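The values are calculated or read from the model by the stated rules, or taken from the named source; none is laboratory data. Everything numeric here is computed off the predicted structure, so don't read it as measured data. Note that each Cβ is placed from the backbone with ideal geometry, even for glycine, and that neighbours are counted across all protein chains shown.
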Amino acid sequence: MKTPTIEDVREAAKKNGYAAEPEEVADVKEQRTVSAPDWPQLDEKALSGLPGDIVNAIAPYTEADKVTLLVHILSEFSCIVGRVPHIRLDGDFVPLLFWPVVVGDTSKSRKGSGAKRIKRLFSAADPNWTRGKHSGSLSSGEGLIYAVRDEEWGVNGKGQEVLKDEGISDKRLYLVQSEFGAMLQIMARPGNSLSGHLRNAWDGETLKPMTKGDRIQATHPHIGVVGHVTQSELQRNFDLPPVIRPPVQ
């Protein structure tokens, strides 16, 4: 007997006068899957050079995956070196930035452990590196701009120009977003400006909200972002069917 598709069940429901989808449709949706190949393995060529040496030196002493260690090294390095390394793409300035999203099961994949290992590494290499003046979860474009804002001048009651806000002189900001799924939900809200400002930050462009009263802006920002998310959270936020994959050995 042919297994009914969602369309078959929906059509049968309409003929029988159902206004909403019957339980059979929900059952078929739940069974809808996408087959995936074996869990991908990192090519050893990816561990070449100094980053690979660092990963191989740390790996025996941590439960964090080598991929997790590698992407955090590359991402934080791309932020710590600032805006000097860059290319010109079709005439536009493109900074050296690497924004990975680490996908793995909660606790088992050790996403946070890998991030902390690399944080200690860069803190030892450069004690002055602070990852920026602000940290935490991204929730708005204005909050992102404030974290790397320019100095602000104004006029006092005597008509004299005064410094109202000294701003942030170091425009480097490195953010590890351990709740990347929540960040995706925030960006999907109507009127939220975070998505647009993140795109501009990726391009290294000046950040400023298009509001009449708010004059805050951030010139030449250099922002690094790493996302941590579980596979199920990522699927929910992108409305994807579940993926069948073999267990990690």
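Applying the condition of being free of Cβ contacts under 8 Å to residues at least 40 places away in the same chain and loosely packed, with under 14 Cβ neighbours inside 10 Å to segment 82-107 and asking which residue is farthest from Ala201 (Cα to Cα) yields Ser107.
State whether the residues of segment 149-167 include one that is touching a Gly at 6+ places or on another chain (Cβ under 8 Å), closer than 12 Å to Ile223 by Cβ and buried (at least 19 other Cβ atoms within 10 Å of the Cβ). The answer is no; no qualifying residue exists.
If you go through segment 198-220 and keep only what is in contact (Cβ under 8 Å) with a residue 24 or more places away in the chain, out of contact with any Asp or Glu (no Cβ under 8 Å at 6 or more places or on another chain) and within 24 Å of Glu166 (Cβ to Cβ), you end up with Ala201, Gly204, Leu207, Lys208, His220.
Of all residues in segment 168-204, those satisfying the criterion of being of a type in the set (Asp, Glu) and either under 18 Å from the mean Cα position of the chain (by Cα) or surrounded by 19 or more Cβ atoms within 10 Å (Cβ to Cβ) (or both) are Glu179, Asp203.
The lone criterion from (1) out of contact with any Phe, Trp or Tyr (no Cβ under 7 Å at 6 or more places or on another chain); (2) more than 20 Å from Leu69 (Cα to Cα); (3) outside any helix (DSSP H, G or I) left unmet by Leu198 is number (3).
Inspect all residues belonging to segment 130-145 and state whether any of them is surrounded by fewer than 15 Cβ atoms within 10 Å (Cβ to Cβ) and outside any loop (DSSP other than H, G, I, E, B). Taking every residue of segment 130-145 in turn, none turns out to be surrounded by fewer than 15 Cβ atoms within 10 Å (Cβ to Cβ) and outside any loop (DSSP other than H, G, I, E, B).
May I ask you to list the residues in segment 87-109 that are outside any strand (DSSP E or B) and at pLDDT 90 or above? Selection gives Leu96, Leu97, Phe98, Trp99, Pro100.
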